[in-house]
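Below: one structure, written as structure tokens.
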Amino acid sequence: MTDLPAAPAPQEAKASRDFSHAWRALRHRNFRLFFGGQSISLIGTWMTRVATSWLVYRLTKSSLMLGTVGFVGQIPTFLLAPLAGVIVDRINRHSVLVWTQTIAMLQSLTLAVLTLTHHINMAEVLALSMLQGLVNAFDMPARQSFMLEMVEHSADLSNAIAINSSMVNLARLVGPALAGILIAATSEGWCFAIDGVSYIAVIVSLLLMHLKPGALAKTSTSMLHQLREGWDYVANFSPVRTILLLFAVLSLMGFPFMVLMPVFAAQVLHGGPHTLGFLMGAVGVGSLASGLSLVLRRSVRGLTGVLPVSAALFGSGLILFGLSHTLWFSILMMLVTGFGMMQGTTVSNTIIQTLVDGRMRGRVMSFYMMAFVGMAPFGSLLAGALAHAFGAQRTVIFSGAMCLAAGLWFSTQRNAIRQEMRPVYERLGIVPQSVDEPETLSPELQ
């Protein structure tokens, strides 16, 4: 008689279920394609970000110019995101993404040719940065609102967002490290060239997707009316409004610390491209750890409590980084900063996409991008100006203090927004229907 295989131990079976649950969004073919293509392309994207910062600093030795390049590369998102959100809600999001990725590929290849032939100058860097900003203004809301079309089932949406964040942050870990090595060995131009070629992977993945036709409803409503409708939705729904206000402050005051990294690498820590790669890589490690911790979550319940904690971690990390003069402690604080930054970004994205009405998704996500990315150009310009006047370290310390204050403010709003979120969560089946008095709040939302 053949012996039957032993049943797995309860702990092993539970671990296996947890692991499969953590990656459940990858069951969907379209999301698997997106994951594969983006995993390659994003490494190139992060290489270009580091290479652009180092190129600008090498050409100008100016923290103000670093802030200026950040400004022109992000201001189109602030100016065009609401209009882009309306357009994304009216046309095929898949087609938008194919076009944006193709234009971004051409932009990176142009930057590569100019740099490798030694014809690059600041006017061209500014112009190409602005072109990338124009592309991002349409790409970001399209990408975010397209997420639900790729996973098909709303129950897997939060997992898809968390996996996407982990993918972004794995690229943030690998890309800057590769860029630092490549810049030190050759020049910034090869980083731009690799980025341009890497876009082929995501374009191919988009073209291979099988999508259900006719997902968009036809509308005779004017774009201006739809724009106003999206604004009213955001302005009158306090959970979304409060989260967007928090991230507008964090984006304005905190996120632009990235544009000052070359100054810290060269002047504060007395290093070079390798040092910049280590600092950016540390941000990636912290962000990746944050994304993986969210992948393991089974539900969006309880996420509102994560937002003020993440803002506090982000702000504290920036303050201590600004005080540091040693490489190992600076890297450690970049780990903390990256964890807090990505924890808040991913959680806010998940909550908003869970709450928002499907027909408003593109418009609401455009306002999210306006708060998350659109405020950054003003922050980059402000950070550059403050660093020029008072020094990079004082600027980052001040930025961290503002992020701490923003997290404290959000914590005072939590009770009110949880009450307004509960009916939506009940309708979606995320929390059970309440049988208590209206003011009684279940622990799931605390």
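When each of ARG422, ARG427, ARG414 is tested for being touching a Leu at 6+ places or on another chain (Cβ under 7 Å) and among the charged types (D, E, K, R), the lone residue that passes is ARG422.
Say whether the condition of being crowded, with 19+ Cβ neighbours inside 10 Å and at pLDDT 85 or above is met by at least one residue in the range 153-164. Talk me through it step by step, then tell me what you get.
Filtering the range 153-164 down to residues crowded, with 19+ Cβ neighbours inside 10 Å leaves 156-164.
Subsequent filtering for residues that are at pLDDT 85 or above retains none.
No: zero hits.
Is there a residue being modelled with pLDDT of 85 or more and under 17 Å from the mean Cα position of the chain (by Cα) anywhere in the range 121-133? Please lay out each step first, then the result.
Initial filter on the range 121-133 (modelled with pLDDT of 85 or more): 121-133.
When the remaining residues are screened for being under 17 Å from the mean Cα position of the chain (by Cα), the result is 132-133.
Among the residues of the range 121-133, at least one is modelled with pLDDT of 85 or more and under 17 Å from the mean Cα position of the chain (by Cα), which makes the answer yes.
State yes or no: is ALA265 without any contact (Cβ under 8 Å) to a residue 40 or more places away in the chain and crowded, with 18+ Cβ neighbours inside 10 Å? Yes, satisfied.
Within the range 283-312, can you find the residues that are farther than 23 Å from LEU355 by Cα and either surrounded by 23 or more Cβ atoms within 10 Å (Cβ to Cβ) or not hydrophobic (A, V, I, L, M, F, W, C) (or both)? Matches in the range 283-312: VAL283, GLY284, GLY286, SER287, LEU288.
Evaluate the following for GLN419: is it buried (at least 17 other Cβ atoms within 10 Å of the Cβ), out of contact with any Gly (no Cβ under 6 Å at 6 or more places or on another chain), on the phi < 0 side of the Ramachandran plot and modelled with pLDDT of 70 or more?
no
Here ILE351 meets the list (1) within 30 Å of GLU420 (Cβ to Cβ); (2) surrounded by 24 or more Cβ atoms within 10 Å (Cβ to Cβ) almost entirely, failing just condition (2). Within the range 379-394, is even one residue within 15 Å of ILE243 (Cβ to Cβ) and in contact (Cβ under 8 Å) with a residue 24 or more places away in the chain? No, that holds for no residue.
All of (1) in contact with a helix residue (DSSP H, G or I) (Cβ under 9 Å, 6 or more places away or on another chain); (2) at pLDDT 85 or above; (3) part of a helix (DSSP H, G or I) hold for TRP328 with one exception: (1). Counting only residues that are out of contact with any helix residue (DSSP H, G or I) (no Cβ under 7 Å at 6 or more places or on another chain) and closer than 17 Å to LEU182 by Cβ, how many does the range 119-131 have? Count: 0.
When LEU332 is tested against (1) over 14 Å from the mean Cα position of the chain (by Cα); (2) buried (at least 23 other Cβ atoms within 10 Å of the Cβ), just one condition goes unmet, and that condition is (2). Evaluate the range 79-90: report whether one residue or more is under 21 Å from LEU206 (Cα atoms), free of Cβ contacts under 8 Å to residues at least 12 places away in the same chain and assigned to a helix (DSSP H, G or I). Within the range 79-90, not a single residue is under 21 Å from LEU206 (Cα atoms), free of Cβ contacts under 8 Å to residues at least 12 places away in the same chain and assigned to a helix (DSSP H, G or I). Taking the range 380-400 as the range and being modelled with pLDDT of 85 or more, farther than 13 Å from SER251 by Cβ and surrounded by 16 or more Cβ atoms within 10 Å (Cβ to Cβ) as the test, the residues that pass are LEU386, ALA387, GLY391, ALA392, GLN393, THR395, VAL396, ILE397, PHE398, GLY400.
Does LEU42 satisfy being without any contact (Cβ under 8 Å) to a residue 60 or more places away in the chain and in a helix (DSSP H, G or I)? Show your work before the answer.
Values: without any contact (Cβ under 8 Å) to a residue 60 or more places away in the chain: no; in a helix (DSSP H, G or I): yes.
Taking the combined requirement at face value, the residue does not satisfy it.
A quick yes/no check of all residues on (1) part of a loop (DSSP other than H, G, I, E, B); (2) under 21 Å from the mean Cα position of the chain (by Cα):
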site: VAL285; (1), (2): no, yes
site: GLY291; (1), (2): no, yes
site: LEU294; (1), (2): no, yes
site: ARG297; (1), (2): yes, yes
site: VAL306; (1), (2): no, yes
site: SER310; (1), (2): no, yes
site: SER316; (1), (2): no, yes
site: PHE321; (1), (2): no, no
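Quick check on the range 45-66: of everything there that is assigned to a helix (DSSP H, G or I) and more than 15 Å from GLY189 (Cα to Cα), which residue is nearest to the chain's Cα centre (by Cα)?
Step one: list which residues in the range 45-66 are assigned to a helix (DSSP H, G or I), which gives 45-60, 63-66.
Adding the requirement that they be more than 15 Å from GLY189 (Cα to Cα) leaves 60, 63-66.
Values: THR60: 28, SER63: 24, LEU64: 24, MET65: 24, LEU66: 20 Å.
So the residue we want is LEU66.
Answer yes if at least one residue in the range 76-90 is closer than 20 Å to CYS191 by Cα, modelled with pLDDT of 75 or more, surrounded by 15 or more Cβ atoms within 10 Å (Cβ to Cβ) and of a type in the set (Ser, Thr, Tyr), and no otherwise. For the range 76-90, residues closer than 20 Å to CYS191 by Cα, modelled with pLDDT of 75 or more, surrounded by 15 or more Cβ atoms within 10 Å (Cβ to Cβ) and of a type in the set (Ser, Thr, Tyr): absent.
Would you mind stating whether LEU320 is more than 30 Å from ARG90 (Cα to Cα) and either of a type in the set (A, V, I, L, M, F, W, C) or touching a strand residue (DSSP E or B) at 6+ places or on another chain (Cβ under 9 Å) (or both)?
Working: more than 30 Å from ARG90 (Cα to Cα): yes; either of a type in the set (A, V, I, L, M, F, W, C) or touching a strand residue (DSSP E or B) at 6+ places or on another chain (Cβ under 9 Å) (or both): yes.
The answer is yes for LEU320.
The values are calculated or read from the model by the stated rules, or taken from the named source; none is laboratory data. What you see is a predicted model, and the numbers here were worked out from it, not measured in a lab. Counting neighbours? That spans all protein chains shown, and the Cβs are built from the backbone with ideal geometry, glycine included.
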